[in-house]
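Asks: Quick one: the structure is below, questions incoming.
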């Protein structure tokens, strides 16, 4: 029987992320609603007290901050509404977000341990710490691959082959 890949979350509307990333976005949302909104409202009130709003730079800046904050609140609410939290699942052989995995450059035989982070966690990606985005070339290649697979990673000027060796204990 041929191997088949399990259905990926990317095939639906969900954004996959780790519990840590979800919690961080939730904290940011709560901060923006409960703290930043109040600070901006105070800035707007102080600017209004200065008089003529048509030529009031402080008022204009405060209103722009308000708009940016409200837009980010809406964005965070949308993200959290469709977020799918993934936890390391070593009951199957598929590489998923949040799972440390050992990969080997087939040409150099050099191994490294990486952890995939979700799309919304891309800012947390740090290849020197072994955290790579699922949207990066390596991330795209190994996401949802199976232990033992050899995948092609398309770089700017070449294709590098990596073997997915095994699940690891932690990122390097």
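A short reminder: the numbers here are calculations on the coordinates, not readings from a lab. Source: prediction; values computed, not measured. Here the Cβ positions follow ideal geometry from the backbone for every residue, glycine too, while neighbour counts run over all protein chains shown.
Asks: Relative to the present Cα-Cα distance, how much length would full extension add between residue 55 and residue 157 at 0.36 nm per residue of separation? Present the calculation step by step, with values, prior to reporting the outcome.
Replies: Numbers: separation 102, 0.36 × 102 = 36.72 nm, distance 5.35 nm.
Between residue 55 and residue 157, full extension yields an extra 31.4 nm.
Asks: If you don't mind, another one. Can you figure out the FRET efficiency of residue 63 with residue 28, using R₀ = 22 Å and their beta-carbon distance, to the nearest 0.05?
Replies: 0.55
Asks: Rounded, prolate or oblate, given the Cα gyration tensor of the stretch 100-167, with a/c below 1.5 counting as rounded?
Replies: Taking the square roots of the gyration eigenvalues as a ≥ b ≥ c, the stretch 100-167 is prolate.
Asks: Once you have the Cα-Cα distance between residue 128 and residue 169, take 0.36 nm times their residue separation minus that, and quote the gain in nm to one decimal. Before the final figure, lay out the partial values.
Replies: On the way: separation 41, 0.36 × 41 = 14.76 nm, distance 1.71 nm.
Stretched fully, the residue 128-residue 169 segment lengthens by 13.1 nm.
Asks: Please give the peptides 134-143, 51-60, 105-114 ranked by average Cβ packing (other Cβ atoms within 10 Å per residue), highest first, as a rough proxy for protection. Show your work: numbers first, answer last.
Replies: Values: 134-143: 20.1, 51-60: 11.8, 105-114: 13.6.
So the order, starting with the most tightly packed, is 134-143, 105-114, 51-60.
Asks: Given R₀ = 41 Å, what would the calculated FRET efficiency be for residue 106 paired with residue 78, taking r from the Cβ atoms and rounding to 0.05?
Replies: Rounded to the nearest 0.05, the efficiency is 0.55.
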